[in-house]
Amino acid sequence: DYEKECPADKEILGRATWTFLHTMAAYYPDKPSAMEQSTMKSLLTSFSQFYPCGHCAEHLREEMRVEPPKVESRKELSWWMCGMHNKVNEILGKDLFDCKKVDERWRDGPSDGRCD
Ligand code: FAD
């Protein structure tokens, strides 16, 4: 109900944002054009400037300096995004995600068909 809806906290915002970022990577082209690659790079740079959790954004910019976005293909971007998320997981003491499962989690769904 509308009246009970609260502004997003760090957790809600984080979950929604990772859903967006991993899903965007999962549907990025296998063979992006030079223009698509540079647009994705600037999207991620702008994103890390405006992400509305100050210290989260700062970490992200730091990590992106060490490990710049890989935008050459869908696989590379998905893998890179998984690595970024794992760095945050590590800082927060959460379990690391097995990046081999990133397509299953964010694009194909599990083989038992329960998400179809
Ligand atoms: P989330 O970490 O939000 O993950 C959601 C789902 O993604 C999981 O259930 C799992 O199925 C899947 N998943 C988990 N790891 C991976 C992976 N490596 N690759 C692919 N899929 C995966 N919070 C802070 O307190 N401090 C911070 O500095 C901070 N920085 C952040 C920076 C960014 C860019 C973002 C988007 C979020 C940040 N957050 C930060 C929020 C934090 O990452 C979590 O989103 C939040 O704590 C909620 O966690 P969760 O356990 O619900 O799962």
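The values are calculated or read from the model by the stated rules, or taken from the named source; none is laboratory data. As the structure is a computational prediction, the values presented were derived from the model and not from experiment. Backbone-built Cβ (ideal geometry, glycine too); neighbour counts: all protein chains shown. Accessible surface areas use protein heavy atoms only, side chains included; no ligands, DNA or RNA. Shrake-Rupley method; radii C 1.70, N 1.55, O 1.52, S 1.80 Å.
Quick look at the numbers
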quantity: Residue check for Tyr28: hydroxyl-bearing (Ser, Thr, Tyr), within 9 Å of the ligand (Cβ to nearest atom) and open to solvent by less than 60 Å² (accessible area, probe 1.4 Å); calculated: no
quantity: Selection within segment 104-114 - under 15 Å from Thr23 (Cβ atoms) and either part of a loop (DSSP other than H, G, I, E, B) or free of Cβ contacts under 8 Å to residues at least 40 places away in the same chain (or both); calculated: Glu104, Asp108, Gly109
quantity: Number of positions in segment 4-19 that are hydrophobic (A, V, I, L, M, F, W, C) and more than 14 Å from Phe47 (Cβ to Cβ); calculated: 3
quantity: Residue match in segment 52-62 (condition: in a helix (DSSP H, G or I), within 14 Å of the ligand (Cβ to nearest atom) and under 12 Å from the mean Cα position of the chain (by Cα)); calculated: yes
quantity: Close pairs (7 angstrom Cβ cut-off, 6 or more residues apart or separate chains): hydroxyl-bearing (Ser, Thr, Tyr) in segment 2-27, open to solvent by less than 80 Å² (accessible area, probe 1.4 Å) anywhere; calculated: Thr23/Trp106
quantity: Near pairs, Cβ below 9 angstrom, 6+ apart or cross-chain, from segment 56-71 (more than 12 Å from Gly83 (Cβ to Cβ) and of a type in the set (Gly, Ala, Ser)) to any residue that is near the ligand (Cβ under 10 Å from one of its atoms) and open to solvent by less than 40 Å² (accessible area, probe 1.4 Å); calculated: Ala57/Ser48; Ala57/Tyr51
quantity: Check on Lys87, open to solvent by 100 Å² or more (accessible area, probe 1.4 Å), within 14 Å of the ligand (Cβ to nearest atom) and either free of Cβ contacts under 8 Å to residues at least 60 places away in the same chain or under 21 Å from Ser42 (Cβ atoms) (or both); calculated: no
quantity: Test result for Thr23, outside any loop (DSSP other than H, G, I, E, B) and either open to solvent by less than 70 Å² (accessible area, probe 1.4 Å) or in contact with a Phe, Trp or Tyr (Cβ under 8 Å, 6 or more places away or on another chain) (or both); calculated: yes
quantity: Matching entry among Lys94, Lys101 (being free of Cβ contacts under 8 Å to residues at least 12 places away in the same chain, in a helix (DSSP H, G or I) and either open to solvent by less than 40 Å² (accessible area, probe 1.4 Å) or basic (Lys, Arg) (or both)); calculated: Lys101
quantity: Residue that is farthest from Thr45 (Cα to Cα), among those in segment 64-84 that are open to solvent by 40 Å² or more (accessible area, probe 1.4 Å) and assigned to a loop (DSSP other than H, G, I, E, B); calculated: Glu72
